[in-house]
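Encoded as structure tokens, the structure appears first; notes follow it.
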Amino acid sequence: MHVRLDNPVDLDAFRRHARQLLASGVPPDHVEWSEGPASEASGDLFGGAPGEADAFELAPPPSMPSAARHPVPASFVALCADVILHRAPQRLALLYRLLWRLAHEPALRHDPLDADMMQAQLMAKAVHRDIHKMRAFVRFTRVADAEVGERHVAWFEPDHRIVEANAPFFARRFAQMRWAILTPERCVEWDGQALSFREGANRREKPPPDAGEQLWLTYYEHIFNPARLKLAMMRREMPQRYWHNLPEAALIQPLAEAAGARSQSMIDAPATPTRRIRAPMPLHLLPASGAAPATLDELRMAAHACRGCPIGALATQAVCGEGPVGARHMLVGEQPGDQEDLAGRPFVGPAGQLLDRAMAQLGWARDSVYLANAVKHFKYELRGKRRIHKTAAQREAEACAHWLDSEISLVRPQALVALGATAARALLGRPVAVQAERGAWVHERADGLPVFVTLHPSALLRLPDGERAEAYERWRADLARAREAPGSPSASVAMAA
Ligand code: URA
């Protein structure tokens, strides 16, 4: 008997035919399956109207042999749905043979090593793999379209008949754009509302590269990691037969050839600093609780291990001040930033560079002052791999205040310069409106040290371009005043500029 499927992936038609054959007791070796449009002379047995039932497991007509009454497992229906997409012509005969055998050999469903079953499973696997490869390797190109403005068109050559089965995936993934995937046997199009299918296309219809392709190639080149190159695995994942439709494939050979030299230069390059430079100080090395550190080194070690607030646990290390003991001025910032945290030194990042520039312009040597921070650990929030500065909460700044007090008594400066509100509050013990109080010496500290308030350099870095130059000049004038004023009580009348 000759049975034909007009549409080679029409699972419903296959099920109808197979069920009728089974019900009629036609053994598999009496059936010849074919596919494609009917020829006049084919004389198909079941080419006409299908039966009304639509599942193998539906009750058979009373005339059906008892063996065929066994329902097939649901997994077999799913297997058929995959295998029918396979290109091999013998798949239909294989599926019907399996159906027949499931109905006549109850033990078959429990035999994982049956040759027919294994062959069908291999076919299903090949189809799954092809579906996956299509999802991974379809590359759309933007095409101007006189009617709809813009379409994205891709050319792909699947191994199996997977276009219809895979189309809903692309419709979900690219729901907002109009696209078409052209393949030699079947094409699918999405107009933003519905999928439509048509006959296959010719390779010549593949659109020429667009600007997006160049972008993709640049991106591919950048993410290509020469140290991780495994050509055999790459060929397995990205089989060579797909390469002629993948623009990035042209890059693989030159990138692979250069991989050895590039890996070597990565090995030779200096290591990037690790995030955690030192382990926290063992507690037994800390000064006895409550005792103020007797030296700056002791202070550094103790502040490093400080867990008086939660910030310390996340930072690389405490960043205490640097500069000469006995410096005339101590300049106090807010807290170390990302770079200071890694380097273990204050004011080495962008804000520090701005401060360096202003001081150099004033002829004020950085190493003549003591530079410190009100808070000793870097507080941040992770965004991806970036650590974004977060201002310390008031209770965190208060928990840290005794380290700054110790630093002041160990360094013994004659004047304090508060850079920004956190420093001003730490030094004056009250909230300070920096813009209102800037540029003046304030005499409020119990130890008699005068405090000069001005902006933090980061505040200037955050200003819009148009405002920065003028603000910088004003800030530099503040610093000039802070440097000149000896911090004597008579200077306390210095006014805001
Ligand atoms: N900002 C500060 O307040 N201190 C530093 O050390 C760096 C940036």
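The values are calculated or read from the model by the stated rules, or taken from the named source; none is laboratory data. Please read all numbers here as calculations on a predicted model, not as lab measurements. Virtual Cβ from ideal backbone geometry, glycine too; neighbours counted across all protein chains shown. Quick note on the areas: whole protein, heavy atoms, side chains included, nothing else; ligands and nucleic acids left out. Shrake-Rupley method; radii C 1.70, N 1.55, O 1.52, S 1.80 Å.
May I ask you to list pairs of residues, at least six apart or on different chains, whose Cβ atoms are under 6 Å apart, with the first in segment 161-172 being at pLDDT 95 or above and the second being part of a helix (DSSP H, G or I)?
Pairs found: Ile162/Asp130; Ile162/Ile131; Asn166/Ile131; Asn166/Met134.
Rundown of residues vs (1) at pLDDT below 95; (2) in contact with a Ser or Thr (Cβ under 7 Å, 6 or more places away or on another chain); (3) outside any loop (DSSP other than H, G, I, E, B), yes/no style:
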position	(1), (2), (3)
Asp356	no, no, yes
Ala372	no, no, yes
Phe378	no, no, no
Leu382	yes, no, yes
Glu398	yes, no, yes
His402	yes, no, yes
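What residue, of Ala440, Ala399, is under 44 Å from the mean Cα position of the chain (by Cα) and either on the phi > 0 side of the Ramachandran plot or open to solvent by less than 70 Å² (accessible area, probe 1.4 Å) (or both)?
Only one candidate qualifies: Ala399.
Mind checking which residues of segment 370-396 are open to solvent by less than 20 Å² (accessible area, probe 1.4 Å) and under 17 Å from Cys306 (Cβ atoms)? Before the answer, list the steps.
Residues of segment 370-396 open to solvent by less than 20 Å² (accessible area, probe 1.4 Å): 370-378, 392, 396.
If the condition is that a residue be open to solvent by less than 20 Å² (accessible area, probe 1.4 Å) and under 17 Å from Cys306 (Cβ atoms), then Ala372, Asn373, Ala374, Val375, Lys376, His377, Phe378, Ala392, Glu396 are the ones that fit.
Checking the conditions here, which among Leu95, Leu122 is at pLDDT 95 or above, within 22 Å of Ala165 (Cβ to Cβ) and in contact with a Cys (Cβ under 8 Å, 6 or more places away or on another chain)?
Details: Leu122 fails: in contact with a Cys (Cβ under 8 Å, 6 or more places away or on another chain).
Among Leu95, Leu122, only Leu95 is at pLDDT 95 or above, within 22 Å of Ala165 (Cβ to Cβ) and in contact with a Cys (Cβ under 8 Å, 6 or more places away or on another chain).
Looking at segment 455-478, can you tell me whether even one residue there is within 16 Å of the ligand (Cβ to nearest atom), at pLDDT 95 or above, under 17 Å from Ala327 (Cα atoms) and open to solvent by less than 50 Å² (accessible area, probe 1.4 Å)?
no
Looking only at segment 409-425, which residues are within 16 Å of the ligand (Cβ to nearest atom) and either closer than 13 Å to Gln335 by Cα or open to solvent by 10 Å² or more (accessible area, probe 1.4 Å) (or both)?
Ala418, Leu419, Gly420, Ala421, Thr422, Ala423, Ala424, Arg425
Given the criteria closer than 24 Å to Arg4 by Cα and not hydroxyl-bearing (Ser, Thr, Tyr), does Pro106 qualify?
no
Pull up segment 426-437, narrow it to residues that are away from the ligand (no atom under 16 Å from the Cβ) and aliphatic (A, V, I, L, M), then point me to the one that is nearest to the chain's Cα centre (by Cα). So that I can check it myself, show each step before the final result.
Taking segment 426-437 first, the residues away from the ligand (no atom under 16 Å from the Cβ) are 428-431, 433, 435-437.
Add one more test, that the residue is aliphatic (A, V, I, L, M), and what stays is 428, 433, 436.
Values: Leu428: 45, Ala433: 41, Ala436: 44 Å.
Applying the filter and picking the extreme gives Ala433.
Of all residues in segment 307-329, which are away from the ligand (no atom under 13 Å from the Cβ) and assigned to a strand (DSSP E or B)?
Matches in segment 307-329: His329 only.
For Val143, indicate whether it is within 21 Å of Gly36 (Cβ to Cβ) and either open to solvent by less than 20 Å² (accessible area, probe 1.4 Å) or among the hydrophobic types (A, V, I, L, M, F, W, C) (or both).
No.
Is there any pair with a first residue in segment 335-348 that is open to solvent by less than 20 Å² (accessible area, probe 1.4 Å) and a second that is among the charged types (D, E, K, R) and part of a helix (DSSP H, G or I) whose Cβ atoms are under 6 Å apart and which are 6 or more apart or on different chains, and what are they?
Pro346/Glu340
Does Gln361 satisfy the criteria of being farther than 25 Å from Leu299 by Cα and touching a residue at least 60 places away in the same chain (Cβ under 8 Å)?
Yes: the conditions hold for Gln361.
Looking at Ala315, Ala292, can you tell me which residue is of a type in the set (Gly, Ala, Ser), open to solvent by less than 10 Å² (accessible area, probe 1.4 Å) and either assigned by TED's automatic domain parsing to the domain that holds Val432 or modelled with pLDDT under 90 (or both)? Don't jump to the end; show me each part of the working.
Details: Ala292 fails: open to solvent by less than 10 Å² (accessible area, probe 1.4 Å).
Just one listed residue meets the conditions, Ala315.
In this structure, is Asp367 away from the ligand (no atom under 16 Å from the Cβ), at pLDDT 90 or above, open to solvent by 10 Å² or more (accessible area, probe 1.4 Å) and of a type outside the set (S, T, N, Q)?
Values: away from the ligand (no atom under 16 Å from the Cβ): no; at pLDDT 90 or above: yes; open to solvent by 10 Å² or more (accessible area, probe 1.4 Å): yes; of a type outside the set (S, T, N, Q): yes.
In short, no.
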